[in-house]
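The block underneath contains the structure these notes are about, expressed in structure tokens.
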Amino acid sequence: MKASVHNIVIPIAGLATRMYPSSKVVPKAMMPIYDYYTNTCAPLLLFLVQQTLLSFDEHEQPLIHFIVIVNPSHKQIYEEFFFAETLHAASHCAELQQLGKQITFVEQEQQLGLGHAILMSKPFFKTYQNNADTTEGFVVLLGDHVFVSYDSHNRECVRQVVDAFKFFNDTNQKSAAVLGLTLCKEEDLHLYG
């Protein structure tokens, strides 16, 4: 069985109560983060999209489709970020608009949990290989987490999970799910959601 991954689900519809009062004015996925390697600051959502695309080779990148589950009150903010034209940043706008072509924003009217958000993405999946011998997987990235990690082969987090998914699904006759985790010290547990 051949396995492929083209759909990336990013649920960001939550109210970000742990980030309150900042999240009252700025959606959590638009909070700026500093990228040490590029010496730039960008919204978390943009960082997730760019880092995910780096996990795929140049032939795979155009096939990647992001399904971003959003709170209806924030959808316009995300769409304007990726699609608005700004004269003072024309080169950045072109790059953002190109990325925006790979993103579908889906409104989650009621925040009924992570499982509900992921389920809402299913009708928007794009399938590129449609035959019985192909297992089409997807990746879920939590929209309020930064995923930066490299293994001994210098592969990004998403690449590690996709490679494991392909390995287990290509060598087995049944579909397999893969979960990417990191170890942390017990005394640091309070730092994670």
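The values are calculated or read from the model by the stated rules, or taken from the named source; none is laboratory data. For clarity, every value in this text was computed on a predicted model and none was experimentally measured. Glycine also receives a Cβ, built like all others from the backbone with ideal geometry; neighbour counts cover every protein chain displayed. Side chains are part of the model used for accessible areas, which takes the heavy atoms of the whole protein and leaves out ligands, DNA and RNA. Shrake-Rupley method; radii C 1.70, N 1.55, O 1.52, S 1.80 Å.
Figures for the structure shown
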| item | result |
| --- | --- |
| Estimated FRET transfer efficiency when R0 is 30 angstrom, pair HIS92-GLU60 (beta carbons, to 0.05) | 0.80 |
| q = 0.12, 0.19 Å⁻¹, the chain: log10 I(q)/I(0) [Debye, one scatterer per Cα] | -0.65, -1.56 |
| Solvent accessible area, Å² - HIS92, 1.4 Å probe, full protein context | 110 Å² |
| The chain, helix-only ellipticity at 222 nm - DSSP H runs n ≥ 4, -39,500 (n - 2.57), divided by all residues, nearest 500 | -8500 deg cm²/dmol |
| Gain on full stretching of the segment that runs from ASN172 to ALA84 - 0.36 nm per residue minus C-alpha separation | 27.1 nm |
| Inter-label distance for GLN76 and VAL146, nm, one decimal - labels placed 7 Å from Cα along Cα-to-Cβ | 3.1 nm |
